Amino acid sequence: MKWFAVGLLSAALLIGIIVAMVLAKKRPDYNGTRLVARVGIFGALSTILYCVPIFNIPLPFFPSFLKIHLDELPAFICGFAYGPLSGFLVLFVKTIIKLPLTNTMGVGEFGDLLLSSLYCLPATWIYKRFRTLKGAIAGMSVATVIQVLSAMLFNVYILIPFYVFMMGMEEASLLALMQKAMPMISDVKWSYGLIAVLPFNLLKDAVITVLTFVLYHFLHKPLHLEKKTPKKEVLETTEDKPA
């Protein structure tokens, strides 16, 4: 069952990535080699931040399973520098690498990819259209609202029911785990969503936003060192040589 779910999710993600690549190839400035190189570098960084436990930061005032991980940071920097598709592909790469290690039949990884994409894509798309500080701030603000609302809906209607019905966890046990850190949580649905998921994601997104602005400020020039070399026109003249 676990590997079936992983395979199904992988197939769905692969179809999505193929569609994105086909659309990207229609752009006149498409360069497949550069895209693969960029995504490979930033995807590796994102995978390390996603999979290595030391980079998953628990917060004592939130339930223990809510941890801040900074895997979205490379996706944002790549997306700001090279466009939304590059940012999404970074998230896709780290998800595919993490899937064989899943202990949630791929649901947790799919949720992370979905919520990270809803966070990264709007911000990088807006910044691509308005490449100014105001554009970046507007993009991150809009993306934060979308991501936070989506996170609450996903947790309440998909993730928590999955743990209860598919993983065999009892609501009472799950609620007790939540209440260890936040006693004011009264149920595993909207009380948990509003009291835990909402502030946690606002805090996480604020951390990602600040780090993205700081790092991109220092990295945007080195990331744009690639210059298009103008094609040199070679004029060939043919002279009649005397016999």
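A short reminder: the numbers here are calculations on the coordinates, not readings from a lab. This structure is a prediction, so every number in the text was calculated from the model and none was measured. Cβ coordinates were reconstructed from backbone atoms using ideal geometry, including for glycine residues, and neighbour counts include every protein chain displayed.
Model label sites at Ser186 and Ala206, defined 7 Å from Cα along the beta-carbon direction, differ in position by 2.6 nm. Summing Lys and Arg as +1 and Asp and Glu as -1 over all other residues whose Cβ lies under 9 Å from the Cβ of His69 gives a net charge of -1. Taking a Cβ cut-off of under 12 Å around Leu118, the surrounding Lys, Arg, Asp and Glu residues balance to a net charge of -3, with basic ones at +1 and acidic ones at -1. What the Cβ-Cβ distance of Phe61 and Lys221 gives, at R0 = 30 Å and to the nearest 0.05, is a FRET efficiency of 0.20. Rounded to the nearest 20 debye, the dipole size of the range 92-220 about its Cα centre is 620 debye, using +1 on the Cβ of Lys and Arg and -1 on the Cβ of Asp and Glu. Multiplying the residue separation of Cys51 and Leu149 by 0.36 nm and subtracting their alpha-carbon distance yields 32.8 nm. Relative to the globular-protein estimate of 2.2 N^0.38 Å, the Cα radius of gyration of the range 34-140 stands at 1.09.
Derived scalar couplings between HN and Hα for the range 71-85 equal 5, 6, 4, x, 5, 5, 5, 5, x, 5, 6, 10, x, x, 4 Hz in order, rounded to whole Hz, by the Karplus curve 6.51 cos²θ - 1.76 cosθ + 1.60 (θ = phi - 60°), x for Gly and Pro. In terms of packing, defined here as the mean over residues of other Cβ atoms within 10 angstrom, the peptides 206-213, 73-80, 119-126, 162-169 line up highest first as 73-80, 119-126, 206-213, 162-169. Can you give the net charge of the other residues whose Cβ lies under 15 Å from the Cβ of Gly40, counting K and R as +1 and D and E as -1? So the surrounding residues net to +3. The phi torsions of the range 101-110, fed into the Karplus equation with coefficients 6.51, -1.76 and 1.60 and a -60° offset, translate into couplings of 9, 5, 10, 10, 6, x, 5, x, 5, 4 Hz, rounded to whole numbers, with Gly and Pro shown as x.
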